[in-house]
Amino acid sequence: MASGKGINGRDSLEFEMDVNDQQRGKKKHGSSCETEEDRNKPTYCVTDVPPWYLCIFLAIQHYLTSFGAMTSIPLILSEGLCLQHDSLTQSQLINTIFFSSGLITMLQVTFGIRLPILQGGTFALLTPAMAMLSMPEWKCPAWTQNASLVNTSSPLFIEVWQTRMRTLQGSIMVASLLQILIGFSGLIGFLMRFVGPLTIAPTVSLIGLSLYESVGAKVGSHWGISAMTTVLIILFSQYLRRIPIPVPAYSKAKKLHTSKLYIFQIMPILLGIAVSWLVCYLLTITDVLPSDPDQYGHLARTDVKGDVLNQASWFTLPYPGQWGMPAVSLAGVFGMMAGIVCSMAESVGDYHACARLSGAPPPPKHAISRGIGVEGLGSLLAGAFGTGNGTTSFSENVAALGITKVGSRMVILVSGVLMILMGMLGKIGAIFTTIPTPVMGGMFLIMFGVITAAGVSNLQSTDMNSSRNIFVFGFSMFSALVIPNFIMKNPDLLQTGVKEVDQVLRILLTTNMFVGGVLGFFLDNTIPVFNATALGTKRERGLLTWDKVDLEDSIYAVGTEEVYDLPFGITSRLSSQSWVRYVPFCPWKGNRSKYRSEDNNTPQEQPLRGTVVNAELAL
């Protein structure tokens, strides 16, 4: 989720907090970067531990930064699960995704990539999930669309949505095995050699474009409220983001004083939703909005979801298999695998951006392999818990590192703990489900628009004066819109005589990002470039520019590769074992290389640098 402008230490506004004033220009014991005079370097590097109060404050901020995407995934997914009129179950799904994301974040920071990068749900899996649930055999019964006919406690209704959820769970869990294999086997490094901007751009862009119909329905429930939400988010994130708000602060040197907080830059989505939500509440209690469900604008009322807040329990504990034993759909597995591949591509780019913003060296092969492998384990856990989704790195939270200048992984660890606690409070999830539909529509209008632009922004490193590149991108994008639309309107034309094969083909060919990504990948790797030399090929395809960015990162980075060592002295214990060098995801102290390419002695290609970090909410 994203913004049009790339985030880095040089672009970001400084988050002016008193603790930064105290640390700037001074050397702090145990810190690896405070002696740096460059203002663009983080105040706290990846291994530093800020004061406890700053840890808690920034952990809350990371939680709030991720909440928009975290809550929107279950709410969108509930439509395909026939849960539009079951707000209590929706709240349980929200609690579950927060709880599992907190667990996975702690696992990633501790044993995975070991960078301050938050984990959460991914839209890359939402698209194939909706494609699967839109198949004829999984379409919701007509009576589930009528609120007056839905009895949320009836065994029939429960079986309707839980059957779909269990199939979704099993498909995600099996598909996640692919990510685990690619990550822990070290294949990720090999595969990324063939993935460039012309593959990533259509894939990421189509994640946003494919959801336009769902967003349009929400926005159309009340255009005025949706427009107000959109305008507020744009106002806060683009026009007011450089305006600080004075807040009380305390330090030993200055005692009680005021400090500057760039609140509009930090949480524009939350503020936009809160203001619109308040307006809807005022219009509801004054009966300006119609109380008749059949009248236009009724969905903007804050009391549409009934008594869900009172019904929700104070404490809930999500657990694996809470919706029953997961089932597996072959077609669903292949669809989820397409999303998994896209998610891996996003995450590799996030790793490099996160390393730069947190003062760490570019991540070595073993750390990237371990990070992707742990994300696969995270998707396995998320599927088992029943989120209906997987896990990926959150670009918005990577962007927050550049704003705050605090790249400590301890902050993200605390944020993981906070998400677990919030996931156990049933009232929290219930609150989010009461957000009026047009307010969510206004937020989605911004969110998915920025995701679309983030995908296109990958083309900036390619030669777009090249007719070859224009053809690859244009054909991939347009075909990925035409083919799924045709298949959706003519499902009976795709019949091979084998039901399972038909289902697989239908899901894959109705998943826009799969069609666009496959076409982009194939054409980019098979169509020759005009300047058919190694250097010319990289320059035209956009790979050379990313190589140079990696070299720049290694120049500005501080610290050593020990940042990526396993915790609790595991790396030290393993360093004496010669076989460790053959384990792709294990660091080996006997070979602290710069991971340079054997071909040209430059840092190895990382074509996904900044893939979705250009998607950090500028918002």
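The values are calculated or read from the model by the stated rules, or taken from the named source; none is laboratory data. Source: prediction; values computed, not measured. With ideal geometry, Cβ positions are generated from the backbone for all residues, glycine too; neighbour counts draw on all protein chains shown. Side chains included, ligands, DNA and RNA excluded: accessible areas come from the protein's heavy atoms. Shrake-Rupley method; radii C 1.70, N 1.55, O 1.52, S 1.80 Å.
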Q. Under 5 Å between amide H atoms, partner at least 5 residues away or on a different chain: which partners does Leu425 have, H built in plane at 1.01 Å?
A. Thr316
Q: Could you go through the range 165-171 in sequence order and give the Karplus-derived ³J(HN,Hα) for each residue, using 6.51 cos²θ - 1.76 cosθ + 1.60 with θ = phi - 60°, rounded to whole Hz, and x for Gly and Pro?
A: 5, 5, 5, 5, 4, x, 5
Q: Would you mind pulling out the separation of the Cα centroids of the range 507-525 and the range 68-134, in Å?
A: 24
Q.
5 Å is the cut-off here: which amide hydrogens, built 1.01 Å from N in the peptide plane, fall below it relative to Val583, excluding neighbours closer than 5 in sequence?
A. none
Q: Roll a 1.4 Å probe over the protein heavy atoms and report the accessible area of Lys405 in Å², nearest 10.
A: 10
Q. Which ³J(HN,Hα) values, rounded to whole Hz and listed in residue order, are derived for the range 452-460 from phi using the Karplus coefficients 6.51, -1.76 and 1.60 in 6.51 cos²θ - 1.76 cosθ + 1.60 with θ = phi - 60°, glycine and proline given as x?
A. 4, 5, 4, x, 5, 4, 5, 6, 4
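If packing is taken as the average count of other Cβ atoms within 10 Å, what order do 450-461, 465-476 fall into, highest mean first?
450-461, 465-476
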Q | Rounded if a/c under 1.5, otherwise prolate or oblate - the range 358-434, Cα gyration tensor axes | A | oblate
(Q) Please list, ordered by chain and number, the residues whose modelled amide H lies under 5 Å from the amide H of Leu261; skip anything fewer than 5 residues away on the same chain. (A) Ile245, Val247
Q) Looking at the P(r) of the range 363-484, how many percent of alpha-carbon pairs lie beyond 26 Å? A) 48
Q: In debye, nearest 20, what is the charge dipole magnitude of the range 202-341 about its Cα centre with +1 on Lys and Arg Cβ and -1 on Asp and Glu Cβ, if you could check?
A: 1120
Q: Would you work out which of Gly449, Ala367, Val482 lies farthest towards the positive end of the dipole of the range 352-499? Charges go on Cβ: Lys and Arg +1, Asp and Glu -1.
A: Ala367
Q | Accessible surface, 1.4 Å probe, highest first, among residues Ile340, Ile243 | A | Ile243, Ile340
Q. In what sequence, largest accessible area first, do Cys354, Cys140 appear using a 1.4 Å probe?
A. Cys140, Cys354
Q) Beyond 12 Å, what percent of the Cα pairs of the range 131-193 remain? A) 76
**Q.** Alpha-carbon centroids, the range 323-393 and the range 149-176: separation in whole Å
**A.** 23
Q: Grab the beta carbon distance between Arg193 and Val498, set R0 = 35 Å, and tell me the FRET efficiency rounded to 0.05.
A: 0.50
(Q) For the pair Trp579/Leu235, report the inter-label distance in nm, with labels modelled 7 Å from Cα in the Cβ direction. (A) 6.5
Q) Given Lys218/Lys305; Lys41/Lys252; Lys41/Lys538; Lys41/Lys405; Lys139/Lys427, which pairs have Cα atoms separated by over 19 Å? A) Lys41/Lys252; Lys41/Lys538; Lys139/Lys427
Q: Report Rg(Cα)/(2.2 N^0.38 Å) for the range 407-466, keeping two decimals.
A: 1.78
(Q) Could you order the peptides 490-499, 192-201 from most to least packed, using the average number of other C-beta atoms within 10 Å per residue? (A) 192-201, 490-499
(Q) Which three extents, in angstrom, do the Cα atoms of the range 284-378 have along their principal axes, listed largest first? (A) 60, 39, 31
Q. Order of 387-394, 320-327 by packing, highest average Cβ count within 10 Å first?
A. 387-394, 320-327
Q | Net charge over other residues, Cβ less than 11 angstrom from the Cβ of Phe585 (K, R count +1; D, E count -1) | A | +2
Q: Per residue of the range 322-332, in order, report the coupling 6.51 cos²θ - 1.76 cosθ + 1.60 (Karplus, θ = phi - 60°) as ³J(HN,Hα) in whole Hz, putting x for Gly and Pro.
A: 5, 9, x, 6, x, 10, 10, 10, 4, 5, x
